[in-house]
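Take a look at the structure below.
The values are calculated or read from the model by the stated rules, or taken from the named source; none is laboratory data. All values derive from a computational prediction rather than experimental measurement. Cβ placement follows ideal geometry from the backbone for every residue including glycine, while neighbour counts extend to all protein chains displayed. For the accessible areas, the whole protein counts, side chains as well, though only heavy atoms, and no ligand, DNA or RNA atoms are used. Shrake-Rupley method; radii C 1.70, N 1.55, O 1.52, S 1.80 Å.
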Amino acid sequence: MVNISNLYKSPLNPNLIMALYQRIRELWKNPKESLGPLWQERLVQWRQEPSSVRIERPTRLDRARSLGYKAKQGIILIRQRVDRGGRLNKKYRKRRMPRHASRRKDLAMSYQWIAEQRAQKRHVNCEVLNSYYVAHDGTYFWYEVILVDRAHPVILADKNLSGVAFQKGRVYRGLTSAGKKTRGLLHKGKGAEKLRPSKTANRKVRLTDDRTQ
């Protein structure tokens, strides 16, 4: 077991830091059993909170750091809640629909990607860097979204984050990890021939080639 207080005494010790991250990673492989009562306490508290809450520190430090989080100015953490279950189209009005018509709406987006977009709508001056899973129950999913302030001088001076500041609307274009995973861009080879740079762009290129022949 790693004593976390030692990290504050010697913050530059890489062995202690790696041991801490490894311990956190092991706990989150099965959080419901590993965290015990803390898991239930968090769910009870988070259900009573609004759907979008700004937090000071990440719940999963190892996962946040691996996705680009840094404890510096210009980086915001949002815990976003998403309803589970299917989506519905608008109600049919002023027309008669056939019996087999359904209001079910099949989205080609994951819960995580939807959570990132909702966090972006509430913070229009920021860009979504990445996000990660933190909890779920029978009704909701919770994700923590890392946002970057586009105009903050600390972000613009950071060589790793300055490029994200100029990718305006990157979450809507599927440039985050969740977006790329939903688009099928995290794997190559057989079955992924028509996914790059995107399905629409690939289709346009093939249509153009067919017309020129």
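Of Pro98, Ala157, Asn13, whose Cα points farthest to the positive end of the dipole of the chain (charges on the beta-carbon: +1 Lys, Arg; -1 Asp, Glu; origin at the Cα centre)?
Pro98
Helix 111-122: angle to the longest alpha-carbon principal axis of the chain, degrees 0 to 90, nearest 10?
Helix 111-122 sits at roughly 80 degrees to that axis.
Within the range 56-133, which trypsin sites (Lys or Arg not before Pro) sit in a loop by DSSP and count at most 13 neighbouring Cβ atoms inside 10 Å? Spell out each step's value before the answer.
Working: sites: Arg60, Arg63, Arg65, Lys70, Lys72, Arg79, Arg81, Arg84, Arg87, Lys90, Lys91, Arg93, Lys94, Arg95, Arg96, Arg99, Arg103, Arg104, Lys105, Arg118, Lys121, Arg122; in loops: Arg60, Lys70, Lys72, Arg84, Lys90, Lys91, Arg93, Lys94, Arg95, Arg96, Arg99, Arg103.
The qualifying sites are Lys72, Arg84, Lys90, Lys91, Arg93, Lys94, Arg95, Arg96, Arg99, Arg103.
Within the P(r) computed for the range 93-157, what percentage of the Cα pairs occupies the region above 19 Å? Don't skip to the answer; put the middle values down first.
Working: 1115 of 2080 pairs.
Pairs farther apart than 19 Å: 54 percent.
Looking only at the chain, where both bridge partners belong to it, what percent of the DSSP beta bridges are antiparallel (to the nearest 5)?
On the way: 24 of 24 bridges.
Taking every DSSP beta bridge with both residues in the chain, the antiparallel ones total about 100 percent.
Could you work out how far helix 14-27 tilts from the main Cα principal axis of the chain, as a 0 to 90 degree angle to the nearest 10?
50 degrees
Using the heavy atoms of the protein chains and a 1.4 angstrom probe, tell me the accessible area per residue for the range 1-120 in square angstrom.
Values: 8800 Å² over 120 residues.
Heavy-atom SASA per residue in the range 1-120 reads 73 Å².
Taking the 0 to 90 degree range and rounding to the nearest ten, how far is the long axis of helix 37-48 tilted relative to the main principal axis of the chain, both from C-alpha atoms?
Once rounded, one gets 50 degrees.
Could you list, in their original order, any pairs among Lys72/Lys159; Lys29/Lys194; Lys121/Lys190; Lys29/Lys159; Lys32/Lys70 whose Cα atoms are separated by more than 25 Å?
Result: Lys29/Lys194; Lys121/Lys190; Lys29/Lys159; Lys32/Lys70 exceed 25 Å.
Can you list, bin by bin at 10 Å, the percent of alpha carbon pairs in the chain, starting at 0?
Over the chain, the share of Cα pairs per 10 Å bin runs 7, 24, 30, 24, 10, 4, 1, 0 percent.
Would you mind working out the magnitude of the charge dipole of the range 38-169 relative to its Cα centre, with +1 at each Lys and Arg C-beta and -1 at each Asp and Glu C-beta, to the nearest 20 Debye?
Values: 29 positive and 12 negative charges, 244 e Å.
Using only the charged Cβ atoms, the result is roughly 1180 debye.
Computing the accessible area with a 1.4 Å probe over protein heavy atoms, can you report the carbon and sulfur percentage for the chain?
Numbers: 7330 of 14490 Å².
Accessible surface attributable to carbon and sulfur in the chain totals 51 percent.
Tally Lys/Arg at +1 and Asp/Glu at -1 over every other residue whose Cβ is under 15 Å from the Cβ of Phe166; what's the total? Numbers along the way, then the final one.
Details: positive: Arg150, Lys159, Lys168, Arg170, Arg173; negative: Glu127, Asp149, Asp158.
Its environment carries a net charge of +2.
Counting only GluC sites (Glu not before Pro) that are in a DSSP loop and have at most 11 other C-beta atoms within 10 Å, tell me the longest site-free stretch of the chain. Write down the numbers at each step before the final one.
Details: sites that count: Glu56, Glu193.
By the stated rule (loop sites, at most 11 other Cβ atoms within 10 Å), 57-192.
I need to check one value: relative contact order of the chain, counting alpha carbon pairs closer than 8 Å and at least 6 residues apart, in percent.
Computed value for the chain: 16 percent relative contact order.
Please give the FRET efficiency for Arg42 paired with Arg87, using the beta carbon to beta carbon distance and R0 = 30 Å, rounded to the nearest 0.05.
So, using R0 = 30 Å, E works out to roughly 0.70.
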